[in-house]
Amino acid sequence: SRHQLALYCGGSGDHNPIHVDIDFAKKFGFKDVFAHGMLSMAFLGRLATSWVPQKQIRALGTRFTSITWVGDVITVSGKVVGKREENGEKLVDLEVKCTNQNGQSTLEGNATVALA
């Protein structure tokens, strides 16, 4: 929502008007404002920390695949793609992604978490 984007500006310190000022966004050829990429990445971080505590996250890497427009409904998901043991830790490798209401991926990546 526009409200969430404005709040994220304050929380992140990223006050780029492209994310909150529709006139500014249109001036640069966009149809509307759009979400910060790092906000989507934060959603994926929250996905991981809903499974394990933050201290057990070993890696989270992403790449942006398309714009998340204001008003999009985003679904985050993760899929276990590997299990291994390294330095005495039991690790799980995940593929993670954000998808909009049309099924289009907006962010894709990988994460590694340590199991307790």
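The values are calculated or read from the model by the stated rules, or taken from the named source; none is laboratory data. Everything numeric here is computed off the predicted structure, so don't read it as measured data. So basically every Cβ, Gly included, is an ideal-geometry build from the backbone, and we count neighbours across all protein chains shown. Side chains included, ligands, DNA and RNA excluded: accessible areas come from the protein's heavy atoms. Shrake-Rupley method; radii C 1.70, N 1.55, O 1.52, S 1.80 Å.
For region 62-71, backbone phi angles converted through the Karplus equation (6.51, -1.76, 1.60; θ = phi - 60°) give residue-by-residue couplings of 9, 9, 7, 10, 6, 6, 9, 7, 4, x Hz, Gly and Pro being listed as x. Estimated at 0.36 nm per residue, the fully extended path between Arg46 and Phe30 surpasses their Cα-Cα distance by 2.9 nm. A 1.4 Å probe run over region 2-114, with the rest of the protein chains in place, finds 60 Å² accessible per residue.
With label points built 7 Å along Cα→Cβ from the Cα atoms of Ile18 and Ala116, find their separation and express it in nm. Using points 7 Å along Cα→Cβ, the separation is 4.2 nm.
Between Gln101 and Arg58, the FRET efficiency estimated from the beta carbon spacing at R0 = 25 angstrom works out to 0.20. Only helical runs count toward this figure. For the chain, summing -39,500 (n - 2.57) over DSSP H runs of n ≥ 4 and dividing by all residues gives -7500 deg cm²/dmol at 222 nm. Across region 8-20, rounded Karplus estimates of 3J(HN,Hα) from the backbone phi angles (6.51 cos²θ - 1.76 cosθ + 1.60, θ = phi - 60°) give 5, 3, x, x, 8, x, 8, 9, 4, x, 4, 9, 9 Hz, Gly and Pro being marked x. Using C-alpha pairs below 8 Å separated by at least 6 residues, the relative contact order for the chain is 24 percent. When a 1.4 Å probe is rolled over the protein heavy atoms, the share of accessible surface on the chain that falls to carbon and sulfur comes to 52 percent. Across region 36-44, coupling constants 3J(HN,Hα) worked out from phi with the 6.51/-1.76/1.60 Karplus curve, θ = phi - 60°, read 4, x, 5, 5, 4, 5, 5, 4, 5 Hz, and Gly and Pro carry x.
What accessible area, in Å² to the nearest ten, does a 1.4 Å probe give for Arg63? About 140 Å², rounded to the nearest 10. In debye to the nearest 20, how big a dipole does region 2-114 give about its Cα centre with +1 on each Lys and Arg Cβ and -1 on each Asp and Glu Cβ? Value, rounded to 20: 120 debye. When the chain is described by a simple charge dipole with +1 on each Lys and Arg Cβ and -1 on each Asp and Glu Cβ, the residue from Leu47, Phe24, Ile67 located farthest towards its positive end is Leu47.
Look at (1) 1.16; (2) 0.98; (3) 1.21: the one that is Cα Rg over 2.2 N^0.38 Å derived from this structure is (3).
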